[in-house]
Every structure is written in C-alpha cells, then in structure tokens.
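Notes follow the structure.
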Amino acid sequence: MEKKELRARIRAAKKAVPYEEKLRRSAAIMDQVERLPQFRSADTVLLYWSMEDEVQTHDFVARWYRQKRLLLPCVDGDELRLRQYTGPDCLVAGEQFGIGEPTGDEFLDYGNIEVIIVPGVAFDRLNHRMGRGRGFYDRLLKTTPRAFKVGVAFDFQMVPLVPTDDLDVPMNAVISETPCLK
C-alpha cells in the first residue's frame with residue numbers, strides 16, 4: 001500500500017472513533033509507556049502535545065512534568081524546536097497548526113534526551129513509522145541517535161508493513177492499546 005493511500009485509510013479510521021473513546025484508549029497506551037524501564041529511569045523526555053486525532057498526551061504531561069524534564073516540540077518553518085513544558089500557563093497556540101507549544105528558552109542539549117515519545121500515522125511490527133508526510137520528526141530523530149524512541153498508536157494504526165525509505169527513522173519500540181500488537 002502506498003503512503004498516500006495508507007494515510008487516507010488511517011485518517012478515516014481516526015474520524016470513526018469518538019474523542020472520548022480516544023481518551024480512554026490513550027490512557028491504556030500511556031500507562032504502558034509509564035511502565036517502560038527506559039521511561040522510568042529517564043530524566044529528560046521529549047514527547048508531543050497531542051492533536052485531537054492522535055494518542056492523547058495532555059494528562060500524561062500534566063502527571064509527569066514536575067518529576068521529569070518534559071520537552072515539547074514547537075514548529076518553526078520546516079523544523080521542530082524544543083522547549084520545556086513548565087505547566088499549563090507556558091502553552092501558546094502554535095502558528096502553523098494551533099497545537100499547544102511551550103514558551104521559554106529553546107532546549108538545545110539533544111544529547112541529554114533519553115526517551116522520545118513519537119506520534120505517527122501508522123506503525124508496523126518492525127518498528128517502522130509513517131508520519132504525516134512533512135518529515136518533521138524524521139529530521140529531529142536523526143539528531144538524537146542515543147535516545148530511546150517509542151512510537152505510540154491506536155490498534156487501528158498498526159499495519160502489516162509501513163512503506164519506508166532512507167529518510168525514515170525506525171522506533172526502538174511501538175506501543176499500542178493491545179500489547180500483543182506491538
């Protein structure tokens with residue numbers, strides 16, 4: 001299946017799931033993330049402020065930002081800049097997508113990022129990831145080779161094989177609602 005066709009299929013599946021159901025399913029996924037030894041031992045974690053159709057991270061961020069240094073991406077043209085989440089008052093709507101982005105100084109010490117929790121459109125059992133098509137995360141992930149990369153997905157985002165190319169960065173693990181679908 002081509003990337004364009006797969007993105008359309010997953011987009012339709014996302015629309016079919018009510019937001020409240022996405023919240024419930026997201027909690028199960030993020031509970032598994034919390035149990036990862038890599039997450040438990042990490043001091044600095046990069047994740048994302050979720051859009052409505054993604055695995056929801058807002059409650060997770062609220063639960064952990066006082067215990068770990070949580071970084072969120074801010075879209076700057078074709079790049080992602082990282083800033084620390086310091087509480088709900090630090091968020092502003094991003095210019096390109098309206099996603100909550102923290103204010104404050106840019107975080108530049110990419111070598112200290114221990115875990116990255118990554119959204120995606122689709123994932124497979126080989127830990128391949130397909131994003132939305134603009135390459136934001138793939139460019140960022142190439143700058144953090146030592147970080148443990150965790151894709152998070154609803155079960156319907158897990159597919160037999162994600163089409164990949166040389167620019168795609170694989171995950172170290174993929175977590176979905178059903179642990180056996182990883």
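The values are calculated or read from the model by the stated rules, or taken from the named source; none is laboratory data. Here the structure is a predicted model, which means the values were calculated and not measured. Positions of Cβ are generated from backbone atoms using ideal geometry, with glycine treated the same way; all protein chains shown enter the neighbour counts.
Just the residues that are touching a strand residue (DSSP E or B) at 6+ places or on another chain (Cβ under 9 Å) and crowded, with 20+ Cβ neighbours inside 10 Å, please, taken from region 142-157.
Scanning region 142-157 gives Ala147, Phe148, Lys149, Val150, Gly151, Val152, Ala153, Gln157.
Suppose we filter region 101-131 for residues that are surrounded by fewer than 15 Cβ atoms within 10 Å (Cβ to Cβ) and assigned to a loop (DSSP other than H, G, I, E, B); how many remain?
Adding up the residues that qualify gives 7.
Those residues that are modelled with pLDDT of 80 or more, over 15 Å from the mean Cα position of the chain (by Cα) and over 22 Å from Pro145 (Cβ atoms), I need them from region 93-119; list them, please.
Listed by number, the residues that qualify are Ala93, Pro102, Thr103, Gly104, Asp105.
Evaluate the following for Arg40: is it out of contact with any helix residue (DSSP H, G or I) (no Cβ under 7 Å at 6 or more places or on another chain), among the charged types (D, E, K, R) and in a strand (DSSP E or B)?
Answer is no for this residue.
Taking region 132-168 on its own, how many of its residues are in contact with a Phe, Trp or Tyr (Cβ under 7 Å, 6 or more places away or on another chain) and part of a helix (DSSP H, G or I)?
Selection size over region 132-168: 1.
Quick one: is Pro160 farther than 18 Å from Ser50 by Cα, at pLDDT below 90 and either aromatic (Phe, Trp, Tyr) or surrounded by fewer than 14 Cβ atoms within 10 Å (Cβ to Cβ) (or both)?
Taking the combined requirement at face value, the residue does not satisfy it.
Could you grab me the full set of residues in region 73-100 that are in contact (Cβ under 8 Å) with a residue 12 or more places away in the chain, more than 16 Å from Arg134 (Cβ to Cβ) and in a strand (DSSP E or B)?
Scanning region 73-100 gives Leu82, Arg83, Gln84, Leu91, Gly100.
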